[in-house]
Every structure is written in structure tokens, then in C-alpha cells.
1. Keeping to the stretch 254-283, report how many residues are more than 33 Å from the chain's Cα centre (by Cα) and either open to solvent by 10 Å² or more (accessible area, probe 1.4 Å) or polar (S, T, N, Q) (or both).
2. Return the pairs, sorted by first residue and then second, in which the second residue is open to solvent by 50 Å² or more (accessible area, probe 1.4 Å), the first residue lies in the stretch 248-259 and is closer than 12 Å to residue 276 by Cα, the beta carbons are less than 7 Å apart, and the residues are 6+ apart or on different chains.
3. Starting from residues that are over 17 Å from residue 31 (Cβ atoms) and within 22 Å of the chain's Cα centre (by Cα), keep the ones in the stretch 151-168 and report whichever is most open to solvent (accessible area, probe 1.4 Å).
4. Applying the selection to the stretch 355-368, what residues are of a type in the set (Val, Ile, Thr) and either loosely packed, with under 15 Cβ neighbours inside 10 Å or more than 10 Å from residue 213 (Cα to Cα) (or both)?
5. Is at least one residue of the stretch 126-141 open to solvent by 20 Å² or more (accessible area, probe 1.4 Å), under 18 Å from residue 384 (Cβ atoms), in contact with an Asp or Glu (Cβ under 6 Å, 6 or more places away or on another chain) and polar (S, T, N, Q)?
6. Can you spot a residue in the stretch 166-175 that is on the phi < 0 side of the Ramachandran plot and in contact with a strand residue (DSSP E or B) (Cβ under 6 Å, 6 or more places away or on another chain)?
7. Restricting attention to the stretch 315-354, and to residues there that are touching a Ser or Thr at 6+ places or on another chain (Cβ under 8 Å) and basic (Lys, Arg), which single residue is most open to solvent (accessible area, probe 1.4 Å)?
8. In the stretch 200-210, which residues are within 21 Å of residue 366 (Cβ to Cβ) and modelled with pLDDT under 90?
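The values are calculated or read from the model by the stated rules, or taken from the named source; none is laboratory data. Computed from a predicted structure; not experimentally measured. Note: ideal-geometry Cβ built from the backbone for every residue, glycine included; neighbour counts use all protein chains shown. Only protein heavy atoms, including side chains, enter the accessible area calculation; ligands, DNA and RNA are left aside. Shrake-Rupley method; radii C 1.70, N 1.55, O 1.52, S 1.80 Å.
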Amino acid sequence: MKVKKYVAANMTEAMKKIRAELGNDAVILNSKIAHTGGFLGLFKKRTIEVIAAADPKPKYQQMPKVKQKQMISSKIEQNDTARNQVLQNVSAAEQKPSGEIVKELNELKALLKSIPAGSVSASPSYPAPLQLMDKLLKEQEIDASIQASILSSLLEKWYVEGGSASIEQVYSWLEQEMVKRISSVSFGGISFSKKYINVVGPTGVGKTTTLAKIAADCVITHKKKVAFITTDTYRIAAIDQLKTYAKILNVPLEVCYTIDDFKKAVQTFYDFDLVLIDTAGRNFRNKQYVEDLKQVIDFDEDMETYLVLSLTAKQRDMEDIFTQFSSINIDKFIFTKADETSSYGSMYNMINKYNKGVAYMTNGQNVPDDMIAVSPNNIAKSIIGVE
């Protein structure tokens, strides 16, 4: 059994050091906040001290499955035995070296004696409230690296508070930490700083319905003069759907088949406040789709482009979709079908990975009601599950 103390700026850095030296089979025996350096008691640096141990020859992993099960069934006895063996090894080692080594061993022994019997774990052990946060983030499918970083920050706050905080306070810490990590990008609905709003994305994500919701909000709430342009000439039903919305809202619609049609529509709607552009939903794996868009839409216009993604899609598919549309300047995301899933982690992952904000999130088919302008706070709340 190899035991070593690690000092790091935070738990994430400590875990990297432990895995690099002791491997993935290392166990965390204890951790605590420490303060080092300083001058006359001032300007001390806060660090984390972690005691870790590892068996250099995990023989049970090479045993037949029957023997492995027997080993696992006696895990508690093994933990206690390992703890006692560590204490014996430390005591024996104290008889040989001297100076700084003896001092280090004394510190290890004191820390090990403070560990309750049977508490040795095969993975990092968080306090009970933080274990709930760990479980919540996993269930929401938050990226593992983001999750580890968030929990490291929560653990530091836990120690600063003296290792005691209510579950409500820990939930509040988690919300604050999640908000902080995405607050640097732009969120919220249309700012009316650009005249043309273009929505793109794969088939079936609800682009046309979302565009109708945006139009209704601009006409009814903001009293804007709005027009529609559609380039979705691949589906007659799509044109008919948008014509229906245009008639209800009493706004004009132009259908564009070519870039010349688009330029004529731009001239037609010269004196309008806002022009909303609907595009065809095609197989996002077909690179030609994006090239076709460029043949019909003049992206050099005073335009803002939103990429529409469904929250029911897989994380990997969302990333592939973004990659396909990366040749177009994507300003913000719109996430649809929030009412059809209980997992919102992919939305948080996409914001972090691509440093893009969110304009809207939709949660139903009703126009214009089932749509909200998004902020970092309501994204965090939707993931954590609080109102």
C-alpha cells in the first residue's frame, strides 16, 4: 500500500496529480483546506491537502469473476484492514528516517487516525449534500469535465463554511456556480439591433413554428412592423403553414427560390422593422444543404442567425449539426421541445463548448405562448429543477 499527501490549489488539480502518480485505482483517505505562506499571519494562500493511497498490485482484478465477487462482498473488512495496515506501515517507517521525512510521516499518521474505520472509498468521497449535486449533474448529462470543475468549486465552498451547510444553501451554490460559468455570452430574445432574423437547423426541430412565435411576440408585444421570407421550397406544406401564420398575424410573406428572389424581397420589405427568414429543414449530415442556403440567402445583409436545436436530440448530434453550420456565423441557439424531455444538460454543454448564448427556449406548440426568452438564471434553474 502506497500512501502520499498531495497539496494543490483545488480538488480538480489534486485529482490530476493523484491519477498521474497513483493511477485510477487510488483511493482518497482524507482531504482538508490548508493555508500556507503569508507574512506576519497575513496574505496566506488557501490550498487543499489530500491523502491518497494505492495498491501497486491490484491482484483481485486478475482473478476469476467468482473470486472477484468474493472480494467485493468483503469490501468493508478490506477497507478496515487497509486502514490499519497503513497505520502500521507509518509507525514502522518512523523508526528509520529522521528530520523532514519523520515530520511528514507524523502528519500522515495524525490524519489517518482521524479517519473513521470503514470510511475508505474507491472513489472521491463528497459530503452528503454534494453527493446529491453530483447525482443531479450526472442525471442531467452535464459533461464530465464541467461537472468535476463545478463540484471542485462546491467542495471548496463547503470547507470555507466549516464543513456544514444546509441542502438549500448547497443548491444555491450550485445555481450560482452554473450561472457564473455561462454569464460571459449573450442571452435573451430579439434586441431589434438587426433587421433580418434568420433561423436555420435540421428537419423536425420546429423552425417554422418557432418563427411564428417570434413574429407574434414582435407584432403583439413590441408593436413592430414584421414580414416573412421563406426559402423552404422543398416542402409545400411548410409554405402553407407559414402562409397560415402570416394571415393570422396580418403580415406579408415572400417565397424565395433564388438569391435574386431574396434581393427583391429585401427591397419589397425595405420599410419594415423586422424581416423573419424561414429556411428548409434538410438532413444535417448533407454538407450541400448549407451551400444551398448560401445560394438563396444573402448573409451579408444586416442579419442575425439562430441555430435551432431540439433538446430531445443526442449531444453528439447537436455537435455535428453545429459543425455543419459553422461556415455560417451563428449568433445564438434556440432550443425547442423542452416539454418533451427532463434532461437539459446538453443545452448547458453546448453553451460552454461553443461559447454561444441562447435566444429562446420553447416548451410546446401554442403560438405565441410556449416560448421564453432565455437567461443564464433560468437555464440553471431548469437543470437544477427549481422554480
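1. 16
2. Listed pairs, sorted by first residue: 253/243; 254/268.
3. Out of the qualifying residues, it is 168.
4. Answer for the stretch 355-368, where residues must be of a type in the set (Val, Ile, Thr) and either loosely packed, with under 15 Cβ neighbours inside 10 Å or more than 10 Å from residue 213 (Cα to Cα) (or both): just 358.
5. no
6. Keep residues of the stretch 166-175 that are on the phi < 0 side of the Ramachandran plot, which gives 166-175.
Subset that is in contact with a strand residue (DSSP E or B) (Cβ under 6 Å, 6 or more places away or on another chain): none.
For the stretch 166-175, residues on the phi < 0 side of the Ramachandran plot and in contact with a strand residue (DSSP E or B) (Cβ under 6 Å, 6 or more places away or on another chain): absent.
7. Result: 337.
8. First pass over the stretch 200-210, keeping only residues within 21 Å of residue 366 (Cβ to Cβ): 201, 204-210.
Result: 201, 204, 205, 206, 207, 208, 209.
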